[in-house]
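Participant: Can you keep this structure in mind? I'll have questions shortly.
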Amino acid sequence: MADEGVVDGVVDDGGLRRKVTEGLGEYRWVRDVRRVLPELRASGRLAVDAVPWRRYHHAFGRAEDVPDSLRALSDCDPDVVSRELGALWDRIRHQGGTYAPAALAVPFLIRLAANPAAHCRANLLLLTAEAGHRDHFGGDMRQDLLQVDYPPEDLRFDTSGYPVQLTLEAAREAITADVSLLIPLLDDADAAVRSAAAYTLATASGAPPVVSQALRARLALEDDEPVRISLVLALAQLAIERSEAAVAVAWAEQLWTDEESSIDLRLAGALAWVCATVAPPPQCLLDLLAMATTSEMEQWMRQVPWQDDLAWAGSLAVWLAAFLNNTPAQDPENPFASL
């Protein structure tokens with residue numbers, strides 16, 4: 001029987017192309033990282049050893065070493081956990097880029113972070129959130145500070161050739177599946193955990209209403225400044241994701257214009273307002289930002305997960321100028337001069 005795609009020894013381009021396309025489709029379906037965790041959950045087999053790690057690659061090769069790293073994160077020695085977490089981060093979130101095994105690690109990282117006896121819990125949550133984030137180093141600009149995904153037309157592939165968009169989607173869906181484990185962490189005794197929990201919840205794809213409700217409830221009680229800033233940014237980001245930018249703008253304006261409110265909440269509201277609209281910031285908002293650029297505020301902002309470039313910028317004023325201009329400040333000595 002003649003092979004499909006070959007007629008009398010002559011290649012039938014149409015048939016061959018169809019066979020190749022079908023083969024690629026089947027290959028992509030088998031390797032689609034978005035399928036793995038939902039199928040394991042549905043079958044009741046969500047366990048580290050049930051994940052087909054070897055099917056996927058991290059920055060340094062096949063991901064068959066990831067299970068041992070995840071198990072090591074339960075070690076009772078905080079130095080061991082810190083070292084293993086750093087090594088895992090370097091493999092699955094290498095230099096700001098996310099690899100497919102990062103998405104597959106999400107439910108296990110969340111369960112580790114939810115254990116009060118675990119070490120490095122805030123960083124476990126940060127890696128969880130970063131698994132669903134685009135590479136945002138150098139991207140602390142108003143147009144993308146609250147942007148999780150790449151634009152649809154900006155197709156990216158990791159160094160193994162795997163589509164990054166599939167990985168980000170899988171990671172975000174995995175976070176959404178475990179919001180019930182993350183929401184209680186908003187009330188954790190550790191402020192860093194609370195802030196990281198807000199960042200992680202804001203990364204969820206199609207987050208259910210209970211997430212925003214929990215963030216608002218925590219904001220009403222929160223007394224830690226970096227956590228309050230994180231809660232405001234999380235709420236604004238979720239509103240923008242729901243295509244409710246106008247709602248985010250109105251709420252953020254109430255925050256930054258309230259002269260009776262604390263300076264951290266006003267700054268957070270100003271940042272959220274600028275991210276949610278393309279309108280030029282009014283002079284009163286710029287005056288607020290100038291007033292807020294204190295050493296204390298800089299220390300608070302360094303603890304807010306959304307910013308990635310503050311240390312590189314050298315000062316909060318320079319960071320804010322770059323943020324507002326969507327470009328690095330031209331004069332670091334007078335960063336607001338061009339505004």
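The values are calculated or read from the model by the stated rules, or taken from the named source; none is laboratory data. Bear in mind the structure is a predicted one, so any value in this text is a computation, not a measurement. Methodologically, a virtual Cβ is constructed for each residue, glycine included, from the backbone with ideal geometry; neighbour enumeration extends over all protein chains shown.
Participant: What do you reckon, is S243 modelled with pLDDT under 95 and surrounded by fewer than 19 Cβ atoms within 10 Å (Cβ to Cβ)?
Facilitator: Values: modelled with pLDDT under 95: yes; surrounded by fewer than 19 Cβ atoms within 10 Å (Cβ to Cβ): yes.
Yes; evaluated as a whole, the condition is true for this residue.
Participant: All but one of (1) within 20 Å of M141 (Cα to Cα); (2) exposed (fewer than 13 other Cβ atoms within 10 Å of the Cβ); (3) of a type in the set (D, E, K, R) hold for E253; state the number of the condition that does not hold.
Facilitator: Single failed check for E253: (2).
Participant: Considering A321, A292, which residue is closer than 11 Å to R142 by Cα and either crowded, with 21+ Cβ neighbours inside 10 Å or in contact with a His (Cβ under 8 Å, 6 or more places away or on another chain) (or both)?
Facilitator: On inspection, the qualifying residue turns out to be A321.
Participant: Given the options Q307, Q330, name the one that is over 23 Å from E222 (Cβ atoms), outside any helix (DSSP H, G or I) and at pLDDT below 95.
Facilitator: Checking each option against the conditions leaves just Q330.
Participant: Quick one: V148 ticks every box in (1) out of contact with any Asp or Glu (no Cβ under 8 Å at 6 or more places or on another chain); (2) surrounded by fewer than 22 Cβ atoms within 10 Å (Cβ to Cβ); (3) over 25 Å from G61 (Cα atoms) bar one, so which box is it?
Facilitator: Unmet for V148, out of (1) out of contact with any Asp or Glu (no Cβ under 8 Å at 6 or more places or on another chain); (2) surrounded by fewer than 22 Cβ atoms within 10 Å (Cβ to Cβ); (3) over 25 Å from G61 (Cα atoms): (1).
Participant: A further question follows. Spot the failing condition for Q147; the list is (1) under 24 Å from R91 (Cα atoms); (2) of a type in the set (S, T, N, Q); (3) part of a helix (DSSP H, G or I), and only one is missed.
Facilitator: (3)
Participant: Would you check which residues across segment 214-248 are of a type in the set (K, R) and without any contact (Cβ under 8 Å) to a residue 40 or more places away in the chain and list them?
Facilitator: R216, R218, R242
Participant: For segment 256-281, which residues satisfy the criterion of being out of contact with any helix residue (DSSP H, G or I) (no Cβ under 9 Å at 6 or more places or on another chain) and farther than 14 Å from R142 by Cβ? Break it down into steps so the answer makes sense when it comes.
Facilitator: Taking segment 256-281 first, the residues out of contact with any helix residue (DSSP H, G or I) (no Cβ under 9 Å at 6 or more places or on another chain) are 260, 278, 280.
Selection gives E260 alone.
Participant: Still on this structure: If I filter segment 223-260 down to residues being assigned to a loop (DSSP other than H, G, I, E, B) and within 23 Å of M291 (Cα to Cα), which single residue comes out as nearest to the chain's Cα centre (by Cα)?
Facilitator: D224
Participant: Additional query: State which residue is surrounded by the most Cβ atoms within 10 Å (Cβ to Cβ) when the search covers only segment 57-73 and only residues that are among the aliphatic types (A, V, I, L, M) and touching a strand residue (DSSP E or B) at 6+ places or on another chain (Cβ under 9 Å).
Facilitator: Ranking the qualifying residues of segment 57-73, first place goes to A63.
Participant: Now a separate question. For segment 74-123, enumerate the residues that are outside any helix (DSSP H, G or I) and either surrounded by 22 or more Cβ atoms within 10 Å (Cβ to Cβ) or modelled with pLDDT under 95 (or both). It would help to see each step written out before you state the result.
Facilitator: We begin by selecting, within segment 74-123, every residue outside any helix (DSSP H, G or I); these are 74-77, 93-99, 114-120.
Passing the criteria: R93, H94, Q95, G96, G97, T98, Y99.
Participant: List every residue pair whose Cβ atoms lie under 9 Å apart, where the two residues are 6 or more positions apart in sequence or sit on different chains, the first residue falls within segment 174-188 and is modelled with pLDDT of 95 or more and part of a loop (DSSP other than H, G, I, E, B), and the second residue, located anywhere, is of a type in the set (D, E, K, R) and surrounded by 15 or more Cβ atoms within 10 Å (Cβ to Cβ).
Facilitator: D178/R111; D188/R121; D188/R194
Participant: Cβ-Cβ under 7 Å, sequence separation 6+ or interchain: first residue in segment 192-209 and closer than 13 Å to A131 by Cβ, partner in a loop (DSSP other than H, G, I, E, B) and aromatic (F, W, Y). Which pairs?
Facilitator: These pairs meet every condition: Y199/W306.
Participant: Looking at (1) part of a helix (DSSP H, G or I); (2) modelled with pLDDT under 95, which one does R194 not meet, given that it meets all the others?
Facilitator: (2)
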